[in-house]
1. When you go through Gly125, Gly152, Gly82, Gly69 one by one, which is the residue that is over 19 Å from Phe202 (Cβ atoms) and in the same structural domain as Arg167 (by TED's automatic domain parsing)?
2. From the set of residues in segment 381-406 that are within 16 Å of the chain's Cα centre (by Cα) and over 24 Å from Lys258 (Cα atoms), which is surrounded by the most Cβ atoms within 10 Å (Cβ to Cβ)?
3. Pull up segment 405-419, narrow it to residues that are over 29 Å from His210 (Cβ atoms) and part of a strand (DSSP E or B), then point me to the one that is modelled with the highest pLDDT.
4. Anything in segment 379-415 that is in contact with a strand residue (DSSP E or B) (Cβ under 6 Å, 6 or more places away or on another chain) and either in the same structural domain as Ile218 (by TED's automatic domain parsing) or under 30 Å from Tyr282 (Cβ atoms) (or both)? List them, or say none.
5. Find the strands (runs of 3 or more DSSP E) located wholly in segment 111-177 whose residues include 3 or more that are closer than 30 Å to Phe40 by Cβ, and list them.
6. Being exposed (fewer than 13 other Cβ atoms within 10 Å of the Cβ) and either assigned by TED's automatic domain parsing to the domain that holds Val187 or at pLDDT 55 or above (or both) is the requirement here; does Ile337 meet it?
7. State which residue is nearest to Ser70 (Cα to Cα) when the search covers only segment 115-158 and only residues that are touching a residue at least 60 places away in the same chain (Cβ under 8 Å), surrounded by 15 or more Cβ atoms within 10 Å (Cβ to Cβ) and not polar (S, T, N, Q).
8. For segment 340-392, what are the residues that are of a type in the set (Lys, Arg), at pLDDT 70 or above and in a loop (DSSP other than H, G, I, E, B)?
Amino acid sequence: MSSKRANTAEIDFKISLWRNGKRMENSEGKYELAEYVKGFEIIEAVESSTIEARIIIEDSSGLMGALTGSEVFKLTVFHYTGNRDYWLRCAHIEDRVRTAQTADVFIVNCVSDEFIKNEIKNVFGHTEKIFAGSIEASQIIRKLLRDKKYLGSKKRFFLEQTINKQRLVIPNWRPIDVVYWVAERSVRKSKKGGVLQNGFNFWESALGFHFKSIDKMIDDVNEQKEDKTDAIKGKPALYTYTYSPKGTKIETGDDQYKIDSVIFPEERSYLMGLRHGAWAGYSIGFDPVSINQSRLGVSTDMKEKEYNYALKKVWKKMSHVGGTNYVNPISLMDKEIQKVLDQPKRVRYTMIPNQLFDPKYKNNPQKNYEEIVELQAYEYLRRETLKNIKLMITIPGNLDLYAGHGVQIKLPGTFRSGTTVQNDRKYSGRYVIMGVRHHTGDGLKMKTELLLGRDSILG
């Protein structure tokens, strides 16, 4: 089947059912189920460990009777960007409705096979022993993903290395639980003069599994080029999409790169930000075993016992979407409000590991133990900054867009001179793709919805 479509929004697809590693067929040797599928959606997000999918099926041939709810669907989508196979395990069947005497409509919820395996696998013991001394975060995650003892994945991995070791006793957790725990305690060394950065995400896209810090994610988005996607290296092409309202003169190029709709999910409320300490506050590390060993931070600039964090202090230590030409949105606000935002109010607590019984703790070269309270604050600020500018757009279907990577947006401003409209300086530019949803609508037409985030605006 050809991937060339007359309309870029159009797709073809095949879908079959697999059980015990074998394709299911009827008595006549038929296996293709596309005629029963009325629509589907495929979802990936930086906050979701695996890909999810929903398949709408209209059954008039007794398919439901053959399903156990544990099978694997092989969905092959033929698209102008290329053909793609999705292997998705059935996790749940819902919303079954009888529409006629001999026909049922129901939805099959699917996930990657690794997510199902995660529910029946457990990890117990000290990391030094379990992982044979290879206890840097990316080493641990690689083993959990690849080893047949755990998830046994054959997909590609794109894992960022960290500077700290993960020494702990894992108390019978699921593999992905271990990944998330490690991610929360991983530190990268930035290119900016040895600045410690954290804030790691773990997710799956169509390219494979990713373990990456937010700063690294942003660095990669800034470096994206309009070249062909390199799936092996995990480097996707940069696409540019333009929104062109009726009655305006904006060059959009092909319709395949035209934005169908734009939604602004929410504008940042500085009042709620003040309440939650989104820009400034206090960070305290609490040791429940030995209170007097609790850490209050090690910053040389501290004037109080508590570590006073502020976005203004660490902004230059972060990577920013768009690079040096983009600024903190706060810097354009009213000066009086800027002063208010810099005032700490909210106190944030974090549990710190006890080292009272470790004879080596006094000579521990990993100073990031002492810096946990500052890293906690950095991670919180880092995640909050990606909420500064948010967009949700709908575009013609494009399977070559991936969560955790970037896209370029040209959005016209509301000011016009005659029929000419300039690009909106606040909302145009590069974004991090926080979530992707591919879904079929009318017939064989596919749309792609993107949830986009950015920390900075053009100065």
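1. Details: Gly152 fails: over 19 Å from Phe202 (Cβ atoms); Gly82 fails: in the same structural domain as Arg167 (by TED's automatic domain parsing); Gly69 fails: in the same structural domain as Arg167 (by TED's automatic domain parsing).
Only one candidate passes the filter, namely Gly125.
2. Thr385
3. Going through segment 405-419, the residues over 29 Å from His210 (Cβ atoms) turn out to be 412-419.
Of the ones still in play, those that are also part of a strand (DSSP E or B) are 412-417.
On the way: Pro412: 87, Gly413: 78, Thr414: 71, Phe415: 66, Arg416: 63, Ser417: 63.
Out of the qualifying residues, it is Pro412.
4. Across segment 379-415, the qualifying residues are Leu386, Ile389, Lys390.
5. Details: elements: 123-126, 157-159, 169-173.
So the answer is 157-159.
6. Values: exposed (fewer than 13 other Cβ atoms within 10 Å of the Cβ): yes; either assigned by TED's automatic domain parsing to the domain that holds Val187 or at pLDDT 55 or above (or both): yes.
Criteria met by Ile337.
7. Phe115
8. Kept after step one, since they are of a type in the set (Lys, Arg), are these residues of segment 340-392: 345-346, 348, 360, 362, 367, 382-383, 387, 390.
Retained after the next criterion (residues that are at pLDDT 70 or above): 345-346, 348, 382-383, 387, 390.
If the condition is that a residue be of a type in the set (Lys, Arg), at pLDDT 70 or above and in a loop (DSSP other than H, G, I, E, B), then Lys345, Lys387 are the ones that fit.
The values are calculated or read from the model by the stated rules, or taken from the named source; none is laboratory data. In this text, all values refer to a predicted model and were calculated from it rather than measured experimentally. As a convention, Cβ positions derive from the backbone with ideal geometry for all residues, glycine included, and neighbour counts pool all protein chains shown.
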